[in-house]
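Notes to accompany the following structure.
The values are calculated or read from the model by the stated rules, or taken from the named source; none is laboratory data. In this text, all values refer to a predicted model and were calculated from it rather than measured experimentally. Quick reminder, even Gly has a Cβ in these numbers, built from the backbone with ideal geometry, and neighbours come from all protein chains shown. Ligands, DNA and RNA are excluded from the accessible area calculation, which covers all protein heavy atoms including side chains. Shrake-Rupley method; radii C 1.70, N 1.55, O 1.52, S 1.80 Å.
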Amino acid sequence: MERYVRFVIRNRVLVVVAIALVTVVLGFESSRLKMAIKLKEQLPQEHPYVQIQNTVEDLFGGDSPEVIGVFATHGDIYSPSLMNKVVRLTEGVLNTPGVVRSSVMSLASPNVRSVTSTEDDISIERFADGEMTDEKVARMKELLSRDPLILENLVSEDGSGTIIAMDVGSGPDEELQKSLLALVEREKDDSVQIVLAGGPTLRMEIMRYTALAFPLLLVAIVLIALIHYDAFRTMQAAFLPIVTAILSMIWAMGILGATGQLMDTWSSVTPIAILAVAAGHAVQILKRYYEELRYAPNSHEAIVRALSKVGPVMIRVCLIAAFGFGSLMFVGIRSVRVFGILLAVGILSAMVIEMTLIPAVRAMMTPSQKERDHESREGWLERIVGRVTVWVLNRPIQCLVVTLVVTVVFGLGFNRVAVNNNVYNWLPMSSQVRQDYQTLNERLRGATSLKIVVEATEPGALKSPDALKALNDLEEYIRTQQGLAAVSGFADIVRRMNKALASQDAIPESSDLIAQYLLLYEGSGPDALSSVVSADFSQTVIQAFTRDDSTGFAERVFENIRSFADKRFEGLPIRARVAGGALGVNAAMDQVVMKEKEMNMIQVSAVIFVLASLFLGSVWGGIFVMIPMILALLINIGMMGWSGIWFNMSSAAISAMGVSIGADFAVYLMFR
C-alpha cells in the first residue's frame, strides 16, 4: 500500500487529469438519463398473481386502469346537465390516444348496452347517448332499474355518482394525463365534483414527487459540507470529501446512463445515498491524515502513513458495503435489483476515487497551521462522546441491561408490523391524486379491482351451456363474498340477453340460442364483447371491486374463490386462475416483501458476517460487527410496528442499506 500511495503522490497531476477525463465521459453519459416511472417493472414478474394480471393485459389490452368519477354536489346524477357531462367525457375518452376503446365502461359508452324486447321487436340500446333531455334521462333511469348489474357496476349506491372506467396502453403518461385532465377541467363547475385516478395519473404524481429528490440532493450536499467543516474547521477538509462524493455520484449515474437504464423512483434516491456513504469514507482518510500530520515530517509523508493504515480498511469496508447493497439484486423486483446494483457501483466508484483523488489532491495542498492545530483540540461532540464512553466502560452491566430492555421493548413490535404496498400510500395525504382515489373508494363500491381469468382447453368452449352455467355460478359466488362488489363477466351478458328476450334470468339450455344471443349482441357494436372474452371464446375475465386492499382480506377471498372454482369446474374443460387486478398485484407485492424481507436480511447479514470475519481475521470480529446491526434492525422495525408504519418495498430496501452502512462504521470503529 505504501508503494502505491507514493506512486499516486509522484504522479498526482496525471491522476487528477485521469479522474477528470473519466468524470467528463461519465458525466456526458449521465446527461442521457431520462426519468420514467414504470410501476410494472416494480412488480415481481415471477409471482402467479402478477402473471395473471399480465395475461389480462395481453388478452384485453391496456397497461393499467384509469377511472373518472363524476359526482353530483346536490341530488343525484339523473339530470340532463350532469348526464351531458358524462356523455361528453365518455366521447372524449373514446377519442383519446392511448385509451383501449373496447375497455371504456360508462353509462354513455357504446360498450355498455341495455337489451329489451317486446312482442314485435328486440332493442339493444345505449343507456345515454347524444344530447340528454329529461325524456332521455327518464328512459335511462327506467333501463337501469331493469338492469341491476349495470346499475351496481356504474352507479353509486345513493345514486349521486357514476364512473367512466377505461384501460390505457403503455404510451407516454404525460400526454395521456394532459388529455384526460383537459377533458375533466372543461366539465368542472359548482354542480359537480369530478375526480381522476388510476395508472397514468398515479405515475405522473409519483414522478412529480420523485423530482423533488434533486433539490434535496443540494440540501444534502450543503449539510454534509457543514458537518465536515464543524469536524475539521477548514474549507479544505469540508471541500475534499464533498468533491469525491459528488464525483462518485456522477460516475454511478454515468454508468447507469451508459447501460441505457431509465431513472425511476428507486434509482432517483441513489445519488443521495452514494453522496452520504462516499463522504463518510472520505472523512476516515482525512481524519487519519490529520492525526499523522502531527508527527510526520511533512504533508506527503502524512498522506503515505495515513493511507497505508486506513486504506486497506477502507477497501474492505467498501467491499462489504458493495456486497451488502449488491445483495438486493436477488430481490424479485427489477427496480429494487437495479437500485441495489447502482448503489454497489456507486460505492466501488467512491473507493476508486478516494484511493486516487484524495491523496493526489491532498498532496497538491499545503496544510495550514490551523489544520495542524485543530487535531489537538477537543470539540463539543468529542466531549459528549468521551463522557458516554466513560459511562459505558465504568458501567458495562448497566449498559447491556439497558440495551437488552430497549431491544426487547421495541422488538415486541416486530410481529405487529403490517405489510402494505398500495402505491397510493406512497403519496402524502395532501396529494390531490390520493384524495381523489379515496373519494372513489369511499363513494363508489371500491377502487381496487379484482380480476379472475377463466381459460378453456379448446376454442369456443366458453359458449357451451355447461361452461356458461359454471361461470355464472362463480360470478354469483363472488357476489356473496363480503367486501366485493360490482361483479361482472361474460356470463352476465348471456344471462341479461336471456332475461330480456325470454324473460328467464338464467343461462339458456340451448347452444344454438346462446350463439344467436351472442351474434345479436356483437352486432350492436364492434367492441361489444372484446372487453370480456377472447375472439375464439377460450378465455374470459371476471371483474369485481373492493374498498379493502389488505393482504389478509385478499388471501381469504382468493382462497374461497379458488376452492369454489375448483369444485364447480370439475369435469369441465375450463379452469380459473385467481387472481389479478390491483388486489392481486398488491397481494403479490406484500407476499414478496414479507418473504424476501426475511431472506434478504439473512442474506445481507451472512455476507457481512463472512466478509467482516475474513477482513478482521476473527469470527468474534464478525460477531461484534453484526450484533449492533441486528439490534438496530430489531429496534427500527419494531418501532414501525408500534407506531403503525407499514412495511413495504421501500422500508425493506432501506433496512438492507442500514445493515450495510452500519457494518461500515462498526469495522472502522473496531479498526480504530
Query raised in the report: For the chain, which whole-number percentage of the solvent-accessible area (1.4 Å probe, protein heavy atoms only) is attributable to carbon and sulfur atoms?
Result: 61
Report task. Report the local net charge at residue 514: Lys and Arg +1, Asp and Glu -1, summed over other residues whose C-beta lies under 12 Å from its C-beta. Result -> 0
Report summary line: Residues other than residue 253 with Cβ under 15 Å of its Cβ, Lys/Arg counted +1 and Asp/Glu -1, net out at 0
**Report entry** Rounded if a/c under 1.5, otherwise prolate or oblate - segment 251-410, Cα gyration tensor axes
**Finding:** oblate
Query raised in the report: R0 = 25 Å: FRET efficiency of residue 654 with residue 208, Cβ-based, nearest 0.05?
Result: 0.70
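With a cap of 14 neighbouring Cβ atoms within 10 Å, and only residues DSSP puts in a loop, list the trypsin sites (Lys or Arg not before Pro) found in segment 293-332.
Working: sites: 294, 305, 309, 316; in loops: 294.
For trypsin sites (Lys or Arg not before Pro) across segment 293-332 that sit outside H, G, I, E and B with at most 14 neighbouring Cβ atoms in 10 Å, the list reads 294.
Please give the length that would be gained between residue 632 and residue 429 if that part of the chain were fully extended, namely 0.36 nm times their separation in residues minus their C-alpha to C-alpha distance (nm, one decimal).
Values: separation 203, 0.36 × 203 = 73.08 nm, distance 2.92 nm.
Gain on extension, residue 632 to residue 429, equals 70.2 nm.
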Report task. Take each of the peptides 378-384, 162-168, average the number of other beta-carbon atoms within 10 Å over its residues, and list them starting from the highest. Result -> 162-168, 378-384
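Report the full-extension gain for the segment residue 88 to residue 54: residue separation times 0.36 nm, less the Cα-Cα distance, to one decimal in nm. Let's see the in-between values first.
Working: separation 34, 0.36 × 34 = 12.24 nm, distance 3.13 nm.
Using 0.36 nm per residue and subtracting the Cα-Cα distance, I get 9.1 nm.
Please work out the average accessible area per residue across the chain, using the 1.4 Å probe convention, and give it in Å².
Values: 29900 Å² over 672 residues.
Per residue, the chain has 44 Å² of solvent-accessible surface.
At a Förster radius of 22 Å, what calculated FRET efficiency corresponds to the Cβ-Cβ distance of residue 416 and residue 442, to the nearest 0.05?
Working: r = 26 Å, r/R0 = 1.20.
Approximately 0.25, to the nearest 0.05.
Quantify how much of the Cα-Cα distance distribution of segment 485-554 extends past 17 Å, in percent.
Working: 1229 of 2415 pairs.
Summing the P(r) of segment 485-554 above 17 Å gives 51 percent of all pairs.
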Query raised in the report: With Rg and the Kirkwood Rh both taken from Cα atoms, where does Rg over Rh land for segment 316-461?
Result: 1.18
Query raised in the report: So, in Å, what gap is there between the alpha-carbon centers of segment 346-370 and segment 631-672?
Result: 30
Report task. Rounded to the nearest 0.05, what FRET efficiency do residue 295 and residue 555 give with R0 = 56 Å and r taken as the Cβ-Cβ distance? Could you check? Result -> 0.30
Query raised in the report: Relative to the longest principal axis of the chain, what angle (0 to 90°, nearest 10) does the C-alpha long axis of helix 299-326 take?
Result: 20
Query raised in the report: Which distance in Å, rounded to a whole number, links the C-alpha centroids of segment 185-204 and segment 235-272?
Result: 37
Query raised in the report: If one puts a single equal scatterer on every Cα of the chain and applies the Debye formula without solvent, what log₁₀ I(q)/I(0) results at q = 0.05, 0.09, 0.10 Å⁻¹?
Result: -0.34, -0.85, -0.97
Report task. Would you mind giving the average projected area, over all directions, of the Cα convex hull of segment 70-135 in nm² with one decimal? Result -> 5.6
Query raised in the report: Which value in nm describes the separation of the simple spin-label points at residue 393 and residue 45, placed 7 Å from the Cα toward the beta carbon?
Result: 5.7
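Working out 0.36 nm times the residue gap between residue 4 and residue 382, then minus their Cα-Cα distance, what length gain in nm do you get to one decimal? List each step's numbers first, then the result.
On the way: separation 378, 0.36 × 378 = 136.08 nm, distance 3.29 nm.
In short, 132.8 nm is gained.
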Report task. Sticking with the crude label model, points 7 Å out along Cα→Cβ, report the distance from residue 24 to residue 515 in nm, one decimal please. Result -> 7.6
Query - Spin-label pair residue 31/residue 575, simplified geometry with 7 Å Cα→Cβ offset, distance in nm - result: 5.5
Requested in this report: Report the residues of segment 236-254 in range of a label on residue 217: point 7 Å along Cα→C-beta, backbone N strictly under 15 Å from it.
Outcome: 243-254
Report summary line: The relative contact order of the chain, taking Cα pairs under 8 Å that sit 6 or more residues apart, comes to a percentage of 20
